Amino acid sequence: MNSTLLLQPVEQTEITKKIDHDPILKVENLKVHFPVKTGIMQRTTGYVKAVDDISFYVKKGETLGIVGESGCGKSTMGRSLIRLNEPTEGSIIFNGNDITSMTEKELRPLIRKKIQMVFQDPYASLNPRKSLGNTLIEPLKAHGLYSNHKERNEKIKELLNVVGLHPSSMNHYPHEFSGGQRQRIGIARALVLNPDLIIADEAVSALDVSIQAQIINLLEDLQEQFDLTYIFISHDLSVVRHIADRVGVMYLGKIAELAPKDELYVEPLHPYTQALLSAVPAIRSKGTETRERIVLKGDIPSPINQPTGCVFHTRCPVRMEHCQVAKPTLKEVKPGHFVACHLYE
């Protein structure tokens, strides 16, 4: 990664210029590219453009949903927001602080407590050798919160009650819990440091449908109780519709469309969004939203060798000649409704 890129000023995009308030999070022209190395000398022969020049903002107290097919870059984007994946270019501004090029020492007091993540696999993200109590107490010790063991234990018991687990479970280990209970532990671990922003990366995709509903309801209750802000990443359009306020649709590392939830689901503008929504029977059959099934031809191109022009043009049913050579920009075509498509230029 070229670290000098992170120190350059980033020009505001149209989407962030439209903000009439200070958002809790503002992302400008974010790129996350992974080098492809080959040969004995491990020379860089290309880059996987997992996230390729995206911009968005998140208002305090809202839930921004991020949807897209597997491999579109949504999880990489989420991990880059907490610097688990290092950005290649762009800026990430959280509560007025540009965290993109901060060192770990600088991140710790400002960011680590205030942005937390709930991961997809609740078992893999827990240490099987640590009891639930030790798992939750560890971040409190690391950040020097609460003066003694008794106070920390009380905090943990209170938190377990909040997420629907019995305080006696403190002495149990991850293998003793069900999938839904493990995800509650993951949520408790995210809450233990009193964060402002939680990034939920496919947080319910590994759970049964009935358990999914319980976890979604829990997240909504916690948001109201603790004034939380969420970025909710998922491939499940029906789940995102239930929890999100606004929804961003990603394709091949880019945001294709971003709009208020109700508007995007009722009147999607980008051909890719239209195809995604037409594939969900529960959405396709709802009253005025009835729409024909759109079947996209071909496979998703490789993020190593992206198409020229619009990255969606190889599968787009309404592509024009112009789409093959010119990259569309994310433009506001209705109040709060942004789309990256030459049809709306």
On each of the three principal axes of the Cα atoms of the stretch 182-234, give max minus min coordinate, whole Å, ordered largest first. 28, 18, 17
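Using a Förster distance of 35 angstrom, determine the FRET efficiency expected from the C-beta separation of H172 and E104, and round it to 0.05. List each step's numbers first, then the result.
Values: r = 32 Å, r/R0 = 0.92.
FRET efficiency, H172 to E104: 0.65.
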S210-S131 pseudo-label distance in nm [points 7 Å out on the Cα-to-Cβ vector]: 3.1
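Among C316, C310, rank each residue by its count of other Cβ atoms within 10 Å, from fewest to most, as a rough exposure measure. Each step should come with its number before you reach the end.
Details: C316 21, C310 26.
With the fewest neighbours first, C316, C310 line up as C316, C310.
Would you mind computing the Rg to Rh ratio of the chain from its alpha-carbon coordinates, Kirkwood style for Rh?
0.98
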Unit charges at the beta carbon, dipole of the stretch 153-267: most positive-side option, H172, A259, L197: H172
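Please give the calculated 222 nm ellipticity per residue for the chain, where each DSSP H segment of at least 4 residues contributes -39500 (n - 2.57) and the sum is spread over every residue; nearest 500 deg cm²/dmol?
Helix contribution divided over all residues of the chain: -8000 deg cm²/dmol.
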Past 21 Å, Cα to Cα, is the threshold; run K130/K155; K105/K254; K31/K254; K59/K327; K31/K74 against it and keep the listed order. K105/K254; K59/K327
Computed on Cα atoms, the radius of gyration and Dmax of the stretch 123-180 in angstrom are 11.4, 33
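If a/c stays under 1.5 just call it rounded; otherwise compare a/b with b/c (prolate if a/b is bigger, oblate if not). Do that for the stretch 69-197, with a ≥ b ≥ c from the square roots of the Cα gyration tensor eigenvalues.
Values: a/c = 2.50, a/b = 1.45, b/c = 1.73.
Verdict is oblate for the stretch 69-197.
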Compute a Gaussian network model of the chain, connecting alpha carbons closer than 10 Å, and tell me which residue from V204, V333, V51 fluctuates the most. V333
Cut-off is 10 Å between beta-carbons; in what order do Y251, Y272, Y344 appear when sorted fewest neighbours first? Y344, Y251, Y272
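Restricting to the chain, what percent of DSSP beta bridges are antiparallel, rounded to 5? Before the final figure, lay out each step's value.
Values: 30 of 48 bridges.
If we restrict to bridges inside the chain, about 60 percent are antiparallel.
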Karplus ³J(HN,Hα) for the stretch 122-127 (6.51 cos²θ - 1.76 cosθ + 1.60, θ = phi - 60°; Hz, whole; x = Gly/Pro) runs x, 7, 5, 8, 10, 6
Top of G248, G65, G180 by mean-square fluctuation, Gaussian network on the chain, Cα under 10 Å: G180
Taking placed amide H atoms and a strict 5 Å upper bound, the residues 5 or more places from I304 or on another chain that come that close are K49
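Using Stokes-Einstein with the Kirkwood hydrodynamic radius over Cα pairs, what translational diffusion coefficient do you get for the stretch 187-345 at 25 °C and a viscosity of 0.890 mPa s, in µm²/s rounded to a whole number?
142
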Only Lys, Arg (+1) and Asp, Glu (-1) charged, at Cβ; the chain dipole about Cα centre in debye: 800
Quick one: which residues, 5 or more positions from V118 or on another chain, have an amide H under 5 Å from its amide H? H modelled 1.01 Å from N in the peptide plane, none for Pro or chain starts. I199, A200, D201
Taking θ = phi - 60°, what integer Hz values does the Karplus form 6.51 cos²θ - 1.76 cosθ + 1.60 yield along the stretch 77-88, in sequence order, with x for Gly and Pro? 4, x, 5, 5, 5, 10, 6, 6, 10, 6, x, 8
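Sort M77, M250, M102 by Cβ crowding within 10 Å, fewest neighbours at the top. Walk me through the intermediate numbers first.
On the way: M77 28, M250 22, M102 17.
Least crowded to most crowded, the residues run M102, M250, M77.
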What distance in nm separates the two pseudo spin-label positions at D299 and D236, each 7 Å out from Cα along the beta-carbon direction? 2.8
Dipole-positive endmost among A206, S302, T314 within the stretch 188-345 (Cβ charges, Cα centre): T314
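The numbers here are math on the coordinates, done by the rules we state, and not lab data. Keep in mind that what you see is a predicted model, and the values were worked out from it rather than measured. Cβ coordinates were reconstructed from backbone atoms using ideal geometry, including for glycine residues, and neighbour counts include every protein chain displayed.
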